[in-house]
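The values are calculated or read from the model by the stated rules, or taken from the named source; none is laboratory data. It should be emphasised that the depicted structure is a prediction, and the values quoted were computed from it without experimental measurement. Note that each Cβ is placed from the backbone with ideal geometry, even for glycine, and that neighbours are counted across all protein chains shown. Ligands, DNA and RNA are excluded from the accessible area calculation, which covers all protein heavy atoms including side chains. Shrake-Rupley method; radii C 1.70, N 1.55, O 1.52, S 1.80 Å.
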Amino acid sequence: MLLTEADLAALWVTLKLAGVVTAILLLLGTPLAWWLARSQMRYKFLIEAVVALPLVLPPTVLGFYLLIMLGPHGPVGGLMQMFGGQPLAFTFTGLVIGSVFYSLPFVVQPLQDAFTSVGGRLLETAATLGASPLDRFFTIAVPLAAPGFLTATVLGFAHTVGEFGVVLMIGGNIPGKTQVLSIAIYDHVETLEYGRAHLLSGGLLLMSFLLLVAVYGFNRRIKVAGL
Amino acid sequence: MMQVTKGVVLILSLLISTVSASAELYVAVASNFAGVMSAIAEQFEKQTGHQVRLVFGSTGKHYAQIQHGAPYDAFFAADDKRPILLEREGIALGGSRFTYAMGKLVLWSPEASLVDAQGKVLQIASFRYLAIANPRLAPYGRAAKQVLAFNGLWEKMQSRIVMGENIGQTYQFVKSGNAALGFVSYSQVLSQQGGVEGSMWMIPSEVYLPIVQQAVLIKDNTAARALLKFIQEKPAREMIEQYGYGLP
């Protein structure tokens, strides 16, 4: 049995979504994680709690609030409309925004852990040798935090692929635009097309497993090599 | 001594009351029927002393659960397809199936003057999104597709249609304003005072195939039979109508 055109479209939307979201999260998450790892600020734990929220909240809560906020009567949707923008619900951009929130801790937390373990001593030494802060970040912190970056990338990507609740609430199930794999699977189960559901579910299971095996295997080799 | 005797009597009487009269029923109910069913179940509990536990969800999911041995006594579906299947598979009790309500489809918007009484707004198409339930999953979605097809608009509307997984989600899309209007069930927009907020088009029932909601018995016990009988009697039927459903 082969994938139908609709399933292929859903696969493509899913991979595109996960790719775009991971890229955005690495860009936004790296400075945030760096700040969280280095800052001595007293109220840092508040920000940490906000970052970790998507870990404990049901995705439907996030989706529900997004649906309300992005709607024409919501603060975000209202502003968008005032400036002649298009509403964000039911668009790929809307899904990207929702997913960035949804997968945030999966990128920020591994990076924060990695940056924390880099340690202050090394950076201070580099500073006394005249390395600028940016220099220290790119030539010391980033290379040493490489396993953290790998974990963050893979977890962010895989977690977005597995997203369901947020997309369900703000997606609108438009084929080729907002219909993702998890929704397609749900639809197949609901319509008793168990064969097609099996094909997609099995594929997703295998892909997720291989991704995680790759990360854990790679991180182990780094540890064994003593880098 | 008196205290002990009193205690024993209390415990005994509690035991007797649970053994004799009241049974606990588990009933799977289509989400769209949640409001009415809760009200009916309350009446039924008052009259019979049985306890009714209602489990709301999509009919497709309930069907799969029942197929795999979910412990429901009765099943109130959003269509007739799944009850018929369960009957054929020998899971539901043969001959227990009946139509308890007929769904009414409306085109609705929370905006006061957007939808006219003939649904001409669909021709003018001054809106960005039209919400419908997924026709593959939900009977109300199938009906919405039939209405659009009947008016020759199904193809034309493709770029404007957003789909909810069920009629409840479709309602949320419209209610939150993310979609300007949508095909929802009359029971969703009808308030208990009998009015409808916003504007709507009550779609003539000739334009779509009837949305037949059927129920079946899954387990044969007197309490479950009593509930199914209760639903077909006049007071319950009146409540069903009051909540915006048609009757067979």
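Here are a few things to note about the model shown:
- Of all residues in region B:37-63, those that are away from every other protein chain (no Cβ under 14 Å), closer than 19 Å to B:Pro139 by Cβ and surrounded by 23 or more Cβ atoms within 10 Å (Cβ to Cβ) total 1.
- Residue that is nearest to the other protein chains (Cβ to nearest Cβ) [pool: residues in region B:156-207 that are open to solvent by 20 Å² or more (accessible area, probe 1.4 Å), touching a strand residue (DSSP E or B) at 6+ places or on another chain (Cβ under 6 Å) and among the hydroxyl-bearing types (Ser, Thr, Tyr)]: B:Tyr171
- Test: residue in region A:91-107 that is over 28 Å from A:Tyr216 (Cβ atoms), within 14 Å of chain B (Cβ to nearest Cβ) and in a loop (DSSP other than H, G, I, E, B): yes
- Filtered residues of region A:24-40 (kept if surrounded by fewer than 13 Cβ atoms within 10 Å (Cβ to Cβ) and in a helix (DSSP H, G or I)): A:Leu27, A:Pro31
- Yes/no for B:Gly141 being small (Gly, Ala, Ser), open to solvent by less than 50 Å² (accessible area, probe 1.4 Å), in contact (Cβ under 8 Å) with a residue 40 or more places away in the chain and closer than 18 Å to B:Met202 by Cα: yes
- Checking B:Ala131 against (1) farther than 22 Å from B:Tyr245 by Cβ; (2) not in a loop (DSSP other than H, G, I, E, B), the condition it does not meet: (1)
- Members of region A:181-213 that are within 18 Å of B:His62 (Cα to Cα) and touching a His at 6+ places or on another chain (Cβ under 8 Å): A:Tyr194, A:Ala197
- If the condition is being among the β-branched types (Val, Ile, Thr) and either under 12 Å from B:Met200 (Cβ atoms) or part of a loop (DSSP other than H, G, I, E, B) (or both), then region B:110-126 contributes B:Val115, B:Val121.
- All positions within region B:28-71 that are in contact (Cβ under 8 Å) with a residue 12 or more places away in the chain and basic (Lys, Arg): B:Arg53
- Matching residues in region B:139-155 - criterion: being more than 12 Å from chain A (Cβ to nearest Cβ) and of a type in the set (Gly, Ala, Ser): B:Ala143, B:Ala144, B:Ala149, B:Gly152
- Selection status of B:Val212, out of contact with any Phe, Trp or Tyr (no Cβ under 8 Å at 6 or more places or on another chain) and modelled with pLDDT of 95 or more: yes
- Those residues of region B:175-188 which are within 19 Å of B:Lys104 (Cα to Cα) and either under 14 Å from the mean Cα position of the chain (by Cα) or at pLDDT below 95 (or both), in sequence order: B:Lys175, B:Val184, B:Ser185, B:Tyr186, B:Ser187, B:Gln188
- Filter result for B:Gly244 (of a type in the set (Gly, Ala, Ser) and under 30 Å from A:Leu88 (Cβ atoms)): no
- Remark: pairs (first residue in region A:103-124, on the phi > 0 side of the Ramachandran plot; second residue assigned to a helix (DSSP H, G or I); Cβ separation under 9 Å; 6+ apart in sequence or on different chains) = A:Gly119/A:Leu144.
- Some residue of region B:66-84 being closer than 24 Å to B:Leu209 by Cβ, of a type in the set (Phe, Trp, Tyr), within 14 Å of chain A (Cβ to nearest Cβ) and buried (at least 18 other Cβ atoms within 10 Å of the Cβ): no
- Check on A:Ala52, under 28 Å from B:Val174 (Cα atoms) and either surrounded by fewer than 18 Cβ atoms within 10 Å (Cβ to Cβ) or within 14 Å of another protein chain (Cβ to nearest Cβ) (or both): no
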